[in-house]
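Right, one structure below, let's go through it.
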Amino acid sequence: MKSDGVINEIGGERLIFFHQTFVEYAIARWLYSTPTGETAQVELLGFLQLDQTAYTKHYLWSVLRQLLNLVSIGEFFRISRNFNRQQMLPFRTVAFASVSHADSQASSILLELIPIALQLGDAYQNTLLITIKSASNRHLNSVWSVNLALLSHCDTSLSNKVAETAGELLTRLQINPGKKIEQALVTIQNRPLSLDAKGNDERSYFFGNLITAYAQTPKTFGKNIDIEVCQTLQQHYYNCGSQTRRVIIQLHLTPDIPPELQISLFTTIIAQPPHNLFKEKEEALSLFQQVLPRLINSSDTSFGNNWLAALYTPIPGRWEQVLAATVGFQATKNPSLITTLATNILLGDAQRTGKKLYLEQLALEAAINYGAGELFTTALLQIPCQEIPSSRLPTVSNLLRSLVTQGNNLEGESRKKIANWLLTQIQQHPKDILIMLNVLEVDKILGEQLEKYLPLLQPKERNFVLKKIKCIPEQIEPYLHSQSHEKEARLALVRLYQAKSENQPQPEIISYLYKFCLDKSREVSLSASDVILNRAENVGLDFAELLTIIEQSPVVGCRFNLGKALIKNCQAGWVINESELLAICQVLSEENTDELIQVFYKIVDVWSDTQQFIPSEVAEMTFKVTERIIERKTTKYIETYLARPAYITLKMLANLDDSSLINRLADCTRLLFKNSNINRAINSLFVIGLLERINRFLPNFLTEIVREDFLESEKMLPLTNMDAAIVAIVHSQGKNAPILDEILQGDYPQQVKNHILRERETS
């Protein structure tokens, strides 16, 4: 064992084992290879075959696992079949040893364990799953059969993991991967139909996990996707969800995939409309861009022999968007195609509003988005603006929006040219042209034209224009004040003051924003509070003003925004004193809206973190707010967005190590722990830390949770909560704590017992 590195000398005739596993290995080797050890082996096996030893002397099972790796294959089967494998420790020991034994026949015993696992539930099935994932290559054929059996019959809660594991195994199997993936996909398809909460077929998720795991093959193993696998995936394409379809297309875009196979997939996917979620859109676009040029060059398909003909080809559903984008991409290299599209759209028959016009617009917008902005600008300025029908002006506006917003880096001079081109129509169509000038972001020209034409518009048109203007020019501020009885004018003033606050914050600007927070219009109130929140660190907040608005505003969103602004400033170093903390917490603690309750928790959290202290009145408010949200919950567990801040704030209070709070803190934490699922609410490590902290002051705290809360008569704690308590016990009392033995011997879920065993198996 010295030569194998199992034992190291450390001087003074002392030896140490490199790892706990090597201790177990050394004992197993003694049992296997020495006369005295063989005698002890008989006694050990007899002892472990007694049912009452299932969870006592747990460390001996690790020794047995090592022993099973050393014995001959015949002895392996004889010993393995002598145990009651319906108990978890014997089951785990035999399963894990079977895939580490040197003889590939050993893993065939897993087939005997499958019926046991299916009968006894997901804890046993999960053990088989762990076994499969850890199997060496010599055992792959056996574990593949086990994986298929689990894929066919395992509990729904484990199906996604099993499917993912099947995909991982496929990357390691060298022989007939196409046949193997067909086996797996057919197995999933033959599972009984089960629907999720939204009515979706859950089998599509299993397809997804399997195929996504297999798709890692090029990256993980540096080898190409097997052609037979691609052919199989095409056959099952429509059994898959949108994300999985995306992965299938990605696989067909990898290097060395033959063009014929890409064309085959293209033909397959356009036979039906795309998935409703359409997550496969970008990958499909790449496929279209590779396949369509070949089809057009061949001139013998339904897509014709040029890109305009291809654009008009009937194709199901939203595939036409992908087709138009593909044509648009080609147009970036073809100025004449850009000109044709622009002319057809803007000067075509005024009655021509059908499918062709729609597809041309999609294609031209795509071309602009791909960077053909200057090409489009040149084509646009060649068209007399006066000749464009009024019905097409909204189309011009949409095209200009694409031109400005899609990274075309349109030069200021080009913007001015387009603006002057538009001004030739402003007297006939002031509303439309003003909106397009806003799109172009030509501020000086826009300000001049707004000042001139706004007073001439009808109120409805004027409000419409104000609503559309993104950056309000200062020239029209006096006019907006004169129209402040109109909501749209006040909203425009808020946007103007937002811009001013970004450039040079002034007290009168902030005063206007505070005033607008209490506006009778919900929209104005929200807009003003958004500005204050976004500029909180720059505008110089006034606590008294914030408190007044949070007390008086009927708009929840406004109160929420100002609460977040207060938090933001406190995090940046602004300090509110104790009396101010009490005032704001008193207001927020009486809130019943979830958003404001979150703000309450965060203010307490931030203040206690920076001051390392919390007034007893605020601590009591925290406990009462937590009790209230639990009392009024309408579901089994309180919502994640409330549980998370509650745990964070309670942990912050626990970190203060204030013994005067500990009893209330413990009671409140237990109540929250029983009424939340931390798997969904918060990182379990955070909760573990909270439980440990309280247990330092109240040594029976965790024991009481186990005895009184784990299996409460009305409901059982979520498994993740139990697991968190187990880890907290291990950290605070050690892995051999008596309460853990009590769990192992009691009527607790097998998954929880497994967790304890795993903790004890680690060094």
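A few remarks follow.
- Candidates Glu461, Glu411: the one that is over 23 Å from Leu375 (Cβ atoms) and surrounded by fewer than 18 Cβ atoms within 10 Å (Cβ to Cβ) is Glu461.
- Matching entry among Thr332, Thr343 (being farther than 30 Å from Ile248 by Cβ and without any contact (Cβ under 8 Å) to a residue 60 or more places away in the chain): Thr343
- Selection status of Thr326, at negative phi, of a type in the set (Ser, Thr, Tyr), assigned to a loop (DSSP other than H, G, I, E, B) and surrounded by 15 or more Cβ atoms within 10 Å (Cβ to Cβ): no
- Among the residues of the stretch 35-80, those that are in a loop (DSSP other than H, G, I, E, B) and either at pLDDT below 90 or aliphatic (A, V, I, L, M) (or both) comprise Gln49, Leu50, Ala54, Tyr55, Thr56, Lys57, His58, Val71.
- In the stretch 297-323, the residues that are farther than 25 Å from Gln272 by Cβ and either among the aromatic types (Phe, Trp, Tyr) or in a loop (DSSP other than H, G, I, E, B) (or both): Ser299, Asn305, Asn306
- Residue in the stretch 579-588 that is assigned to a helix (DSSP H, G or I), modelled with pLDDT under 95 and closer than 27 Å to Phe673 by Cα present: no
- Within the set Ser142, Ser157, the sole residue that is touching a residue at least 24 places away in the same chain (Cβ under 8 Å) and more than 27 Å from Gln231 (Cα to Cα) turns out to be Ser157.
- Residues that are assigned to a loop (DSSP other than H, G, I, E, B) and either aliphatic (A, V, I, L, M) or surrounded by 15 or more Cβ atoms within 10 Å (Cβ to Cβ) (or both) within the stretch 161-184 comprise Leu173, Ile175, listed in sequence order.
- Filter pass, Phe288 being closer than 17 Å to Gln330 by Cβ, modelled with pLDDT of 95 or more and among the aromatic types (Phe, Trp, Tyr): yes
- Qualifying residues in the stretch 350-392 (those that are among the β-branched types (Val, Ile, Thr) and at pLDDT 90 or above) - the one surrounded by the most Cβ atoms within 10 Å (Cβ to Cβ): Ile368
- Picking from residues in the stretch 660-696 that are closer than 19 Å to Arg628 by Cα and of a type in the set (Ser, Thr, Tyr), the one that is surrounded by the fewest Cβ atoms within 10 Å (Cβ to Cβ) is Thr669.
- Some residue of the stretch 112-127 being surrounded by fewer than 20 Cβ atoms within 10 Å (Cβ to Cβ), on the phi < 0 side of the Ramachandran plot, acidic (Asp, Glu) and touching a residue at least 40 places away in the same chain (Cβ under 8 Å): yes
- Residue in the stretch 283-292 that is within 19 Å of Tyr237 (Cα to Cα), assigned to a helix (DSSP H, G or I), acidic (Asp, Glu) and touching a helix residue (DSSP H, G or I) at 6+ places or on another chain (Cβ under 8 Å) present: yes
- Matching helices (runs of 4 or more DSSP H) fully within the stretch 185-255 where at least 1 residues are within 23 Å of the chain's Cα centre (by Cα), over 17 Å from Glu282 (Cβ atoms) and free of Cβ contacts under 8 Å to residues at least 24 places away in the same chain: 217-221
- The set of residues in the stretch 691-721 that are in a helix (DSSP H, G or I), under 19 Å from Asp667 (Cβ atoms) and under 26 Å from the mean Cα position of the chain (by Cα) contains only Asn721.
- Verdict on Lys651 being in contact (Cβ under 8 Å) with a residue 24 or more places away in the chain and within 30 Å of the chain's Cα centre (by Cα): yes
- Out of Ile418, Ile426, one residue alone is touching a Ser or Thr at 6+ places or on another chain (Cβ under 8 Å), modelled with pLDDT of 95 or more and not small (Gly, Ala, Ser). It is Ile418.
The values are calculated or read from the model by the stated rules, or taken from the named source; none is laboratory data. Bear in mind the structure is a predicted one, so any value in this text is a computation, not a measurement. Here the Cβ is made from the backbone with ideal geometry for all residues, glycine too, and neighbour counts use every protein chain on show.
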